[in-house]
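Chemist: Supplied in structure tokens, the structure appears directly below.
The values are calculated or read from the model by the stated rules, or taken from the named source; none is laboratory data. From a predicted model like this one, the values you see are computed outputs, not experimental measurements. Cβ: placed from backbone, ideal geometry, glycine included. Neighbour counts: every protein chain shown.
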Amino acid sequence: MSNAICVCSTSDLYGPFVDEWLNNPITDSDKFVIVDITKDPSFNKGFTFTEQGLRDKLNFKQEVSKHNWWNSYGNRNIAWFYAHLRMISFYMEHPNYDYYWFFDDDIKMDNWPLFFDSFKNEDADFLTYFLFKNIDVDTQPDVPIIDDRTYSRTEWFNRFPGVDANLPSDMKKLFGSFFPTTRFSNKALKTIMDYNSNGWHAYHEGMVPTILNYEGQKLKTIITPENTSNFFDVNEVNIVHKNTKINWEWI
């Protein structure tokens, strides 16, 4: 089973941690850094892209609406709001891996090798830090229903798909996620690439799992609503995001 393991960063935030991560020994996988160089096109480390380059390469013409909930400050570019674009851009240039891991550059954990080893026999098409579904969804038994313990509760699905989203009208079973740690199968990334090519778009943390469920692919959450994991001991791996452990209640 071949893996591409990618950290996603930007030219202005790329720092010593990314280099440190690259030097962390992980066997049987190829490691990459994906860097948005929109603010500094002269930056030349890793697999680079600019916002306009993404638009041109993927024929993506949509703007990020200032009226969408997840762009309430009006300053999100497409590489942030539609994070799947940088992922399928990478996939287009590296199409032969079985699985693709993507991490934000502010994810840290105590034991990277143990984390990856925990998934070596897992065949799910999509894994992400938190994955959840709307209260009326009866598919994906390994994905929890959002509940009142979360900050947003079912309001999450009143905001998604949201303003200016474009998804098939019969795509009624809605999923959401927290996306700083994800794994796609090759089939899953190709599916998302094909949907983009056909003009479908929505906020990535809802669009990706909703489409993959619609296509009958297998989805699982890495962290459960009990803030544990079915894959590893959270006290041994201890994932933090922006130096904070994100719990189910945060959603």
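Chemist: When the residues of region 112-137 are narrowed to those that are part of a strand (DSSP E or B) and of a type in the set (A, V, I, L, M, F, W, C), which ends up surrounded by the fewest Cβ atoms within 10 Å (Cβ to Cβ)?
Modeler: First pass over region 112-137, keeping only residues part of a strand (DSSP E or B): 126-133.
Among the residues that remain, those that are also of a type in the set (A, V, I, L, M, F, W, C) are: 126-127, 130-132.
Working: 126: 28, 127: 23, 130: 26, 131: 27, 132: 25.
Going through the qualifying residues, I end up with 127.
Chemist: Could I ask something else about it? What about residue 89, is it outside any loop (DSSP other than H, G, I, E, B) and either in contact with a Pro (Cβ under 7 Å, 6 or more places away or on another chain) or of a type in the set (Gly, Ala, Ser) (or both)?
Modeler: Working: outside any loop (DSSP other than H, G, I, E, B): yes; either in contact with a Pro (Cβ under 7 Å, 6 or more places away or on another chain) or of a type in the set (Gly, Ala, Ser) (or both): yes.
In short, yes.
Chemist: How many of the residues making up region 22-46 are touching a strand residue (DSSP E or B) at 6+ places or on another chain (Cβ under 6 Å) and either modelled with pLDDT of 95 or more or buried (at least 18 other Cβ atoms within 10 Å of the Cβ) (or both)?
Modeler: Qualifying residue count, region 22-46: 7.
Chemist: Also, quick follow-up: Tell me the helices (runs of 4 or more DSSP H) entirely within region 138-251 that contain at least 1 residues that are without any contact (Cβ under 8 Å) to a residue 12 or more places away in the chain and surrounded by fewer than 18 Cβ atoms within 10 Å (Cβ to Cβ). Walk me through how you get there before you give the answer.
Modeler: Values: elements: 156-159, 186-197, 204-214, 234-237.
The qualifying helices (runs of 4 or more DSSP H) are 156-159, 186-197, 234-237.
Chemist: Shifting gears a bit: Can you report the number of residues in region 177-202 which are under 13 Å from the mean Cα position of the chain (by Cα) and over 20 Å from residue 133 (Cβ atoms)?
Modeler: So the count comes out to 1.
Here's the yes/no breakdown for (1) within 18 Å of the chain's Cα centre (by Cα); (2) small (Gly, Ala, Ser); (3) under 30 Å from residue 162 (Cβ atoms):
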| residue | (1), (2), (3) |
| --- | --- |
| 17 | no, no, no |
| 34 | yes, no, yes |
| 53 | no, yes, yes |
| 70 | yes, no, yes |
| 84 | yes, no, yes |
| 103 | yes, no, yes |
| 108 | yes, no, no |
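Chemist: May I ask you to say which residue of 99, 14 is surrounded by 20 or more Cβ atoms within 10 Å (Cβ to Cβ), out of contact with any Lys or Arg (no Cβ under 6 Å at 6 or more places or on another chain), within 26 Å of residue 239 (Cβ to Cβ) and of a type outside the set (D, E, K, R)?
Modeler: Exactly one of 99, 14 is surrounded by 20 or more Cβ atoms within 10 Å (Cβ to Cβ), out of contact with any Lys or Arg (no Cβ under 6 Å at 6 or more places or on another chain), within 26 Å of residue 239 (Cβ to Cβ) and of a type outside the set (D, E, K, R), namely 14.
Chemist: Also, I was wondering about something else. Got a sec? Which of 226, 205, 236 is of a type in the set (D, E, K, R), touching a helix residue (DSSP H, G or I) at 6+ places or on another chain (Cβ under 9 Å) and more than 21 Å from residue 134 (Cβ to Cβ)?
Modeler: 236
Chemist: Looking for something within 22 Å of residue 222 (Cβ to Cβ) and at pLDDT below 95 - is there at least one such residue anywhere in region 160-169? Walk me through how you get there before you give the answer.
Modeler: Applying the first criterion (within 22 Å of residue 222 (Cβ to Cβ)) to region 160-169 yields 160.
Filter once more, keeping what is at pLDDT below 95: 160.
Scanning region 160-169 turns up at least one residue that is within 22 Å of residue 222 (Cβ to Cβ) and at pLDDT below 95.
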